[in-house]
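Below you'll find the structure, written out as structure tokens, and then a few comments.
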Amino acid sequence: MPSIRRSTAILLLIIVLVSAGLRLAQLETAPWGGHGDVAWIGINALDRVDRGVFPYYVFELYAPEPMVVQVVAGLQTLFGPSFFTSRLATAIFGVLLVVFLFPATWWLIGDDIKPAIRERAALLASLAAAMSVHAIYISRLGMRAALFPALLALVVWLTVWAWRKGGWWRWAFAGASLALMQYNYIPARLVPVILALWFLHTVIFHRDSWKKTMRGWVIMA
């Protein structure tokens, strides 16, 4: 995480707690009912809990999305199999989105902007995700799509962090986050295209920066 003032850290903590409250309140009863994909996630998670099956590829979900299944399986050992368990997993993913958006926004803005402005912008980004009715609703459904925004924010955070600060290990973390995202959700296949455009933009318009980060991009790839 970036170096921020104590008051900003307190405000961020409040935003995260509010986001958690909005996603966790009455999670066992609202929304009413459940979705077929959520049921399949729970069934595959039971394979892990009851039979020790470690799902590398989850056929019923038409995609290699075992991370959601693994999290649900871990929660099933604590709370049992139910729609609540799957909803709790995606609610956690929703809170992680709020957390990851702060450093992602901070590093995107750049060092040429005053720290106070960077802090306010990062807080607003987290607050927007925390209070978004759509984001809250998606987080409470138990649908595996709730993981996608959180992983995207993580990729943006680690990639921009590596791009601005350098260091092979930062680029390795960025590459690992991209690999995790590729593994867990089909729409993530388009994210490397975005990163390729970012790379080309750097090559064309920021040649000095490109020369400094070339090895880092290779490590990430």
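The values are calculated or read from the model by the stated rules, or taken from the named source; none is laboratory data. Given the structure is predicted, the values throughout are model-derived calculations rather than measurements. We place every Cβ from the backbone using ideal geometry, glycine too, and count neighbours over all the protein chains shown. SASA here: full protein model, heavy atoms, side chains in, ligands and nucleic acids out. Shrake-Rupley method; radii C 1.70, N 1.55, O 1.52, S 1.80 Å.
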Open item on the list: Condition check: in contact with a helix residue (DSSP H, G or I) (Cβ under 8 Å, 6 or more places away or on another chain) and closer than 24 Å to ILE15 by Cα. Does ALA45 satisfy that?
Closed with: no
TODO: Go through segment 50-65 and count every residue that is in a helix (DSSP H, G or I) and either buried (at least 16 other Cβ atoms within 10 Å of the Cβ) or aromatic (Phe, Trp, Tyr) (or both).
DONE: 2
TODO: Give segment 128-176 a look and list any residue that's among the polar types (S, T, N, Q), crowded, with 21+ Cβ neighbours inside 10 Å and under 21 Å from VAL95 (Cβ atoms), or say none.
DONE: SER139
TODO: Only residues in segment 36-55 that are free of Cβ contacts under 8 Å to residues at least 24 places away in the same chain count as the first member; pair them with residues that are polar (S, T, N, Q) and buried (at least 19 other Cβ atoms within 10 Å of the Cβ), Cβ under 6 angstrom, at least 6 apart or cross-chain, and list the lot.
DONE: PRO55/ASN44
- [ ] Evaluate segment 77-92: report whether one residue or more is assigned to a loop (DSSP other than H, G, I, E, B), open to solvent by 20 Å² or more (accessible area, probe 1.4 Å), touching a Pro at 6+ places or on another chain (Cβ under 6 Å) and without any contact (Cβ under 8 Å) to a residue 40 or more places away in the chain.
- [x] no
Task: The listed residue being farther than 30 Å from GLN26 by Cα, touching a residue at least 40 places away in the same chain (Cβ under 8 Å) and of a type in the set (A, V, I, L, M, F, W, C), out of LEU190, LEU178, LEU197, LEU154 - done: LEU178
TODO: Name the residue, out of SER7, SER19, that is of a type in the set (Gly, Ala, Ser) and open to solvent by 60 Å² or more (accessible area, probe 1.4 Å).
DONE: SER7
